[in-house]
Amino acid sequence: MNEPLLKVDNLVQHFKVSRNFTVKAVNGVSFEIFPGETYGLVGESGSGKTTIGRSIIRLYEPTAGEIIFNRDKISGTLTDKVRRMLRKNMQMIFQDPMSSLNPRKKIGDIIGEGLDIHGLYSTRKERNRIIGEMLEKVGLSPAHAERYPHQFSGGQRQRVGIARALVMKPKLIIADECISALDVSIQAQVVNLMKDIQAETGCAYLFIAHDLSMVKYISDRIGVLHLGNLVETGTTQEIFSNPQHPYTQSLLAAVPIPNPRVERHRH
Amino acid sequence: MENILSVQNLDITFRTNAGKVHAIRGVDFDLPAGKTLALVGESGSGKSVTMKAVAGLLDDNATINSGKIFYRGDDKVVDLLTLSKRELRRTINGQHIAMIFQDPMTSLDPTMQIGAQITEAMFLHKKISASEAKSRAIELLKLVGINDAEKRIKNYPHQLSGGQRQRVVIAIALSCEPRILICDEPTTALDVTIQARILDLIQDLQARLGLSVIFITHDLGVVARVADFVKVMYAGKIVEAGTVDEIFFDPRHPYTWGLLSAMPDLETNDDRLYSIPGSPPNLLHEPQGDAFAARNQFAMKIDERVEPPMFQISETHFAATWLLHPDAPKVELPEQLRARLARARKAANLT
């Protein structure tokens, strides 16, 4: 296969709480993501899946391990050049679309902030054109750029969060539980949108979630996390049809099946 | 079968700064004793409000315009809506109808030991000595599967995990031996493995104590697991009602179709998920005709003008959609849904 877009090697993330207590959130996790694929990361709360996402995008300072992204090392001290590359090419979509959008900023400015910082346009007009196109792409209208986050519904806000990530034309998007705060009917809309965008732009996703049926639906490969360790990884097919690790098996057995007859016979 | 609870023509509005919100627009349902009823729908569809009305927990800005909620107690039937809040609290809440909520952290008092939280309602409703109450609390904690109950009653909520907290909430709800347990998204905040255990617990308690249970949820997997009967709510109305088999294997309302197919099962490998376009209506403005029409790909002209009545499909199965009218054109189910229903029937050995 071709070269991985992201290579995480033995990532360790500890948080020192006090002199004699350290939370060992992630203990030596390694995986790779290839261009254009979707890697699903599943596990219970407290298994470290969100921490891994945040360490990769450098919201945290990894304790140990190496992260290679787009052929550059992005763990350890970042040079200005690498930092700019990282911030442009890796974006994140957060879980709660209300708390991740600045309530005092207009939608247009929220989406345009990255463009402003990286100077990705030459005229004001061009900036507004890019933002307008982006809004249309996620199913909103260019006129929405003048509105504030509170004027939108949850599903629409998550579309704004996606537009903000996409406007930078990133190679990797980290989607941290980006649909779990939404209603079922809206979840399907957002997942369809994410798939369309992937088909169009060829970006890769790190899809972090606890909803296994959705992870199965969207991912090419899956990693199963348990207490900060990657206990099993493989293609979606392998994980779901032939889970090896007892933890993966118990996780799969716990997923409720939307079929009353089958569900009743399982227990 | 005797109905322990019967809600008739419930209609509720909320006064808000923006105007009146017509949250519940005529809801009817019965709960047969000892059975489990699931209310399904998106946020804002009115499922929680309906249940809060039953438990007498509506906020002060709510007005009940019409309706009756009959509860069959030990000897007589009472209309809960005719009781004052005070009477409800003294005679019904806790002892006959108890409710558990989504987030166990916010329904427990962080400054109180869990033992005290469990016994609080007992002291309120029963003549019981402190030592009796304590041993009953320990018994309840054991019943809900908390080890080391004798020590645990001294714990504060923050010392427990999410699953344990929800168990404590269930113990509190059961402390005065209610007949009806209302569960408002009890497992949404929990992991799948913990969710499975809590659902097991609720079902086990139901069998042992003969509880009647109402489940509010949007997770159809949970519904399939626990429910006997299902009511699908949309925009303050019940749009489809039936037994759990009827809803999962033979759904008739386009909204139920959408809900079923929007949630992938483990076999889904379609390129796109079937999704319901748009978002639920704002009930600040009274919907014209069928509230679902704007999102319904099968909507007909009549949907925009006249609200569909409930059409009866079988003795237990009802749906409010004009598609069931004898004059309506026959519609083909969306391909994905047809495949999915076939899969579901096959898995269940139905033909």
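Going by how many other Cβ atoms sit within 10 Å of their own, how do A:Ile117, A:Ile162 line up, fewest first?
Ranked by crowding around the Cβ, least crowded first: A:Ile117, A:Ile162.
Can you tell me what the convex hull of the Cα atoms of the protein assembly as shown projects to on average, as an area in nm²?
With the hull built on Cα positions only, its mean projection is 31.0 nm².
Quantify how much of the Cα-Cα distance distribution of chain B extends past 25 Å, in percent.
Roughly 56 percent, rounded to a whole number.
Using a Förster radius of 56 Å, what is the FRET efficiency between B:Ile64 and A:Glu66 based on their Cβ-Cβ separation? Nearest 0.05, please.
Plugging the Cβ-Cβ distance into 1/(1 + (r/R0)^6) gives 0.35.
Would you calculate, for chain A, the mean residue ellipticity at 222 nm contributed by helices, counting each DSSP H stretch of 4 or more residues as -39,500 (n - 2.57) and dividing by all residues, to the nearest 500?
-11500 deg cm²/dmol
To check you understand DSSP bridge types, tell me what percent of the beta bridges within the protein assembly as shown (both residues inside) are antiparallel, rounded to 5.
If we restrict to bridges inside the protein assembly as shown, about 60 percent are antiparallel.
Can you put B:Phe318, A:Phe31 in order of Cβ neighbours within 10 angstrom, beginning with the fewest?
A:Phe31, B:Phe318
Go ahead and collect, in residue order, the members of segment B:249-278 whose backbone nitrogen is under 14 Å from a label point 7 Å along the Cα-Cβ direction of A:Arg266.
Label zone hits: B:264-268.
For segment A:67-114 and segment A:1-58, what is the centre-to-centre distance using only Cα atoms, to the nearest Å?
Centre-to-centre (Cα) distance: 17 Å.
In terms of the Cα gyration tensor, with a ≥ b ≥ c the square roots of its eigenvalues, is segment B:147-279 rounded because a/c is under 1.5, prolate because a/b exceeds b/c, or oblate?
Because a/c hits 1.5 or more and a/b exceeds b/c, segment B:147-279 counts as prolate.
Aspartates and glutamates within cross-link reach of A:Lys105: Cα-Cα under 13 Å, excluding same-chain residues under 8 positions apart?
A:Glu113, A:Glu146
For chain A, modelled as a GNM with alpha-carbon contacts under 10 angstrom, which of A:Ser241, A:Ser55, A:Ser99 fluctuates the most?
A:Ser241
May I ask for the distance between the Cα centers of segment A:200-267 and segment B:15-82, given as a whole number of Å?
Here the two parts' Cα centres lie 37 Å apart.
Once fully extended, how much extra length lies between A:His118 and A:Asn2, figured as 0.36 nm per residue of separation less the alpha-carbon to alpha-carbon distance?
Extra length available between A:His118 and A:Asn2 comes to 38.9 nm.
So who's got an amide H within less than 5 Å of the one on A:Ser75, skipping anything under 5 residues away but keeping other chains? H placed 1.01 Å off N, in plane.
The list, which skips near neighbours in sequence, is A:Ile67.
Could you list B:Val192, B:Val232 in order of exposure, starting from the residue whose Cβ has the fewest other Cβ atoms within 10 Å?
Taking fewest neighbouring Cβ atoms as first place, the list is B:Val192, B:Val232.
Have a look at the DSSP beta bridges in segment B:3-227 and tell me what percent are antiparallel, nearest 5.
Around 60 percent of the beta bridges assigned by DSSP in segment B:3-227 are antiparallel ones.
Amide H neighbours of B:Leu58 under 5 Å, counting only residues 5+ apart in sequence or on other chains, H built in-plane at 1.01 Å?
Correct list: empty.
Rounded if a/c is under 1.5, else prolate if a/b is larger than b/c, else oblate: which is segment A:6-266, with a ≥ b ≥ c the root eigenvalues of its Cα gyration tensor?
Oblate.
No value in this document is a laboratory result; all are computed from the given coordinates. The structure displayed is predicted, hence computed values, not measured ones. Note that each Cβ is placed from the backbone with ideal geometry, even for glycine, and that neighbours are counted across all protein chains shown.
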